[in-house]
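Each remark here refers to the structure printed beneath this line.
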Amino acid sequence: MSETNVLRMENVTMQFGGVVAVNDLSLDVPEGRIVALIGPNGAGKTTAFNCITGVYQPTNGRVEFMGKTMIRNHPTGKMKKNYLGTNGEKYANERNIDPTPDHVVSLGIARTFQNIRLWKSMTVFENVLVAKHMRAKQNVFSAIFRANAKEEARMREETMALLQEQGLEQYKDEIATSLPYGLQRRLEIARALATDPKLLLLDEPAAGMNPQETQELAEYIKEIRDRHHLTVFLIEHHMDLVMKISDYIYVIDFGSEIARGVPKEVQRNKRVIEAYLGVTEDA
């Protein structure tokens, strides 16, 4: 993939004790594209997302965002002796970079989760407004003396505009978790959009949806990609959705890449069929 990359993972390994959850994973996510990461349950997909977003510090490897190194690490201490991955010395002479999740968001990366994580006691409006505050230019002084009143008013207006855009304005005063499941998914995406991301990570957005909701989700993802000028990187088990909207697909199994390509190439790949899509009896 020779396009300009928004995200690049290079030799990323995540090891927990003696278990290698992600093994030497390298991939590119080009600007403006929808890229999928698929694989069986337990393949390491969400762990890879956690390495990108600062939830985990990878044991080894580097992550670039918008052409700059955002995350970098190499095995140290006891892990240096117990490291089971490859390329353990590649970054040994470079300074470790370990951003927190909120810093990653401030750089322009937002995500949703496999299990919906809305703020349960807040309304729909409040869930999105809190996310808007990630981009606020206020400090303790301005908050105490209410010098940020204009900015607060602006964020409230933008929150309402985003809810209207996403078809959620009629639910603005409802407790977020009282919404139907499909609308909770949409609200979680709206909350991510409120941080004005350049890259949106979606972790199994179709989980729990019926066929009609999944069809609507496919169109919705493409719509928000175009409207907000986003790059989308998603994990998904719903193969019809993945094949319909993805420009490029990476497949991992047991933490390692087993295939990559456009949807038609992945569908025909023997290793993918055996590891993930299933094998027919007469195959």
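Computed from the coordinates by the stated procedures, all read-outs in this text should not be read as laboratory data. These figures come from a predicted structure and were not determined experimentally. Heads up, the Cβs are rebuilt from the backbone with ideal geometry, glycines too, and the neighbour counts pull from every protein chain shown.
Looking at the P(r) of the chain, how many percent of alpha-carbon pairs lie beyond 35 Å? Kindly include the intermediate steps, with their values, before the conclusion.
Values: 8780 of 39903 pairs.
The proportion of pairs with Cα distances above 35 Å equals 22 percent.
In percent, how large is the relative contact order of the chain, given Cα pairs closer than 8 Å and 6 or more residues apart? Mind dumping the intermediate values first?
On the way: 501 pairs, mean separation 69.6, N = 283.
It rounds to 25 percent for the chain.
Relative contact order of region 117-196, please, whole-number percent, based on alpha carbon pairs below 8 angstrom and at least 6 residues apart. Provide the component values of the computation, followed by the final result.
Working: 74 pairs, mean separation 42.2, N = 80.
With pairs under 8 Å counted, the relative contact order is 53 percent.
What residues have an amide H closer than 5 Å to that of Arg33, excluding those fewer than 5 places away on the same chain, when H is modeled at 1.01 Å from N in the peptide plane?
Correct list: Val232.
Hey, can you grab everything whose amide H is under 5 Å from the amide H of Ala259? Only 5+ residues off in sequence or another chain; H modelled, so Pro and N-termini drop out.
Counting only residues 5 or more places away or on other chains, the set is Val251.
List the GluC sites (Glu not before Pro) within region 1-103 that DSSP assigns to loop and that have no more than 12 neighbouring Cβ atoms inside 10 Å.
Details: sites: Glu3, Glu10, Glu31, Glu64, Glu89, Glu94; in loops: Glu3, Glu31, Glu89, Glu94.
Within region 1-103, the qualifying GluC sites (Glu not before Pro) (loop, at most 12 other Cβ atoms within 10 Å) are Glu89, Glu94.
Determine the dipole magnitude for region 1-91: charges of +1 sit on the beta-carbon of Lys and Arg, -1 on that of Asp and Glu, nothing else is charged, the reference point is the Cα centre, and the result goes in debye to the nearest 20. Please list the in-between numbers first.
Details: 10 positive and 7 negative charges, 75 e Å.
In debye, rounded to 20, region 1-91 gives about 360.
Excluding same-chain residues fewer than 8 positions from Lys90, which lysines have a Cα within less than 27 Å of its Cα?
Those lysines meeting the cut-off are Lys45, Lys68, Lys78, Lys80, Lys81.
Can you tell which of Arg111, Arg227, Arg260 shows the greatest fluctuation in a Gaussian network model of the chain with Cα springs below 10 Å?
Arg227
Specify which residue in the list Thr177, Leu201, Met14 is farthest towards the positive end of the charge dipole of the chain, using unit charges on the beta carbon of Lys, Arg (+1) and Asp, Glu (-1), about the Cα centre.
Among Thr177, Leu201, Met14, the one farthest towards the positive end of the dipole of the chain is Met14.
So what are the three principal axis dimensions of region 117-196 from its Cα atoms, in whole Å, longest to shortest?
Principal extents (Cα only, largest first): 40, 23, 19 Å.
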